[in-house]
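Worksheet: the structure to be examined is printed underneath.
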Amino acid sequence: MLFSKVIGHAALKAKLIGNIREGRVAHAQLFMGPRGGGNLALALAYAQYLLCQDRDEADACGQCSSCLQMAKLEHPDVHLEFPVFFTEKVKVCEPFTAQWRQAVRQNPYLDIEQWRDQLESENKQLRMGVDIAQEIQRKLSLRSFMGGYKVMLIWLPELMDAPAANKLLKVLEEPEPNTVFLLVSVDAEQLLATILSRAQLVKVPALRPTDLAEALRERFPELAEEEAMAIALRSEGDLLEAVDMANKNEEELFVFFRDWLRACFKREVNVAVEFGEAFQKMGRERQKLLMRYGLYLIRQCALQWQNVPELVRVLGQEQEFVQNFSKLLNDANVDAIRRELETAHYHIERNANPKILFSDLSYRMMGLLRATVVT
Ligand SMILES: [Zn+2]
């Protein structure tokens, strides 16, 4: 993971980079921070920068063999430990490493719940026992593959039981040269105080609302600045929470927009009137958001219709919608539908009566979609 891909934390990144460049690499470091704040992402970026063969002042190169291996989380000198559920036979990380890599590559901001989902181990407890501590020792006894630092990244060490934590403590007390422990924790209170005292603290704060809002808008392009900011504030700097909120938000908008268009297409005037009433109750900001969301979705439909599906950026039920609705588009209506939504947005902004505006929009949409069927 490159530092540039980690959301926010500009000052902390600069400090971590500065430490490495000045040769101050603490033997054990505790990346501690709240859920969804990016502590794991930062620890991974730190490891990548430390091992990069061609880093510059701001980031790892992203291209050397070390960086390419880090991108896949398959660097031979980066050892990964994390909580797992125990079976009769298996109490170590090794059998789960491929799954963990995949989960973290998909989302370096994941939390324990998402990891549990990935393992499909709903009711099982995720733990780190003494076998994992032994696994750590065994991995540390391996020689560095590339001849440089060896990194032992332990995700959620607070889930170690007492025997495991004590064994880890012994390892930390006898530092080996060129070995760096990166402990990544969300709940340091659960960690042994003695372990805490052995590690240099890297305090990762919650994301700043502005950074989080910007990251949200990259993932949800239809969100306006103020909407993204509102979600960022409500989620208190937790990316996972914010993405959840934005998804729910989007889901509601999607269902509304899809079902309304369906009613327009079928010329169900009564249903369209009901949508108009619901629309009126939404409030102006949300009415605008619905129009922007609709525009976004219609643009995706237009791309599908223009036969450039590789540019279409939708998933799940949106994808289904895009495939179906794009069949209703033609030269005559594709721009007109877009213009109708833009115009509606424009008028909402200028305090148009929402009920009249929406029923007007519904009738125009019925006309535009009817044209498709005739031709
Ligand atoms: Zn590199």
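Please treat every number below as a calculation from the coordinates, not as lab data. The structure displayed is predicted, hence computed values, not measured ones. All Cβ positions, even for glycine, are placed from backbone atoms using ideal geometry, and neighbour counts span all protein chains on display.
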If you filter segment 1-102 for GluC sites (Glu not before Pro), then keep DSSP loop positions with at most 14 other Cβ within 10 Å, what is left?
Glu22, Glu57, Glu74, Glu88
Need one number: % antiparallel among DSSP beta bridges in the chain, to the nearest 5.
5
Are there any GluC sites (Glu not before Pro) in segment 102-188 that are in a DSSP loop and have at most 15 other Cβ atoms within 10 Å? List them by number.
Glu120, Glu122
Please rank Cys93, Cys61, fewest neighbouring Cβ atoms within 10 Å first, as an exposure proxy.
Cys61, Cys93
Inter-probe distance in nm under a simple model that places probes 7 Å from Cα toward Cβ, at Lys281 and Gln99:
4.4
Tell me which residues come under 5 Å, amide H to amide H, from Val202 once H is placed; ignore anything under 5 positions away on its chain.
Leu30, Phe31, Met32
Which loop GluC sites (Glu not before Pro) in segment 236-339, with loop taken from DSSP, have no more than 16 other Cβ atoms within 10 angstrom of their Cβ?
Glu236, Glu268
Using only Cα positions of the chain, each an equal point scatterer, no hydration layer, compute I(q)/I(0) via Debye at q = 0.10, 0.12, 0.13 Å⁻¹ and quote the log10 values to two decimals.
-0.75, -0.92, -1.00
Would you mind calculating the relative contact order of the chain from Cα pairs under 8 angstrom and at least 6 residues apart, reporting the percent as a whole number?
17
Using a 7 Å offset from the Cα along the Cα-to-Cβ direction at both Gln106 and Leu233, what is the distance between the two label points in nm, to one decimal?
3.3
Using Cα centres only, tell me the gap between segment 89-150 and segment 180-200 in whole Å.
17
Average projected area of the Cα convex hull of segment 211-374, in nm²?
9.4
Let me know the shape class of segment 3-205, please: from the alpha-carbon gyration tensor, a ≥ b ≥ c as square roots of the eigenvalues, rounded when a/c is under 1.5, otherwise prolate if a/b is greater than b/c, or oblate.
rounded
Using a Cα distance threshold of under 22 Å, what count of lysine pairs results for segment 211-374 when pairs must be 8 or more residues apart or interchain?
6
How would Lys266, Lys150 line up from fewest to most surrounding beta-carbon atoms within 10 angstrom?
Lys266, Lys150
So, in nm, how far is label Ser141 from label Leu315 when the simple model puts each one 7 Å beyond its Cα toward the Cβ?
4.2
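Pairs of Cα atoms under 8 Å, at least six residues apart: use those to get the relative contact order of segment 3-205, whole percent.
Relative contact order of segment 3-205: 32 percent.
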Lysine pairs meeting the criterion (Cα under 18 Å, 8 or more apart or interchain), as found in segment 3-205
14
Sequence gap at least 6, Cα distance under 8 Å: using those rules, report the relative contact order of segment 159-233 to the nearest whole percent.
25
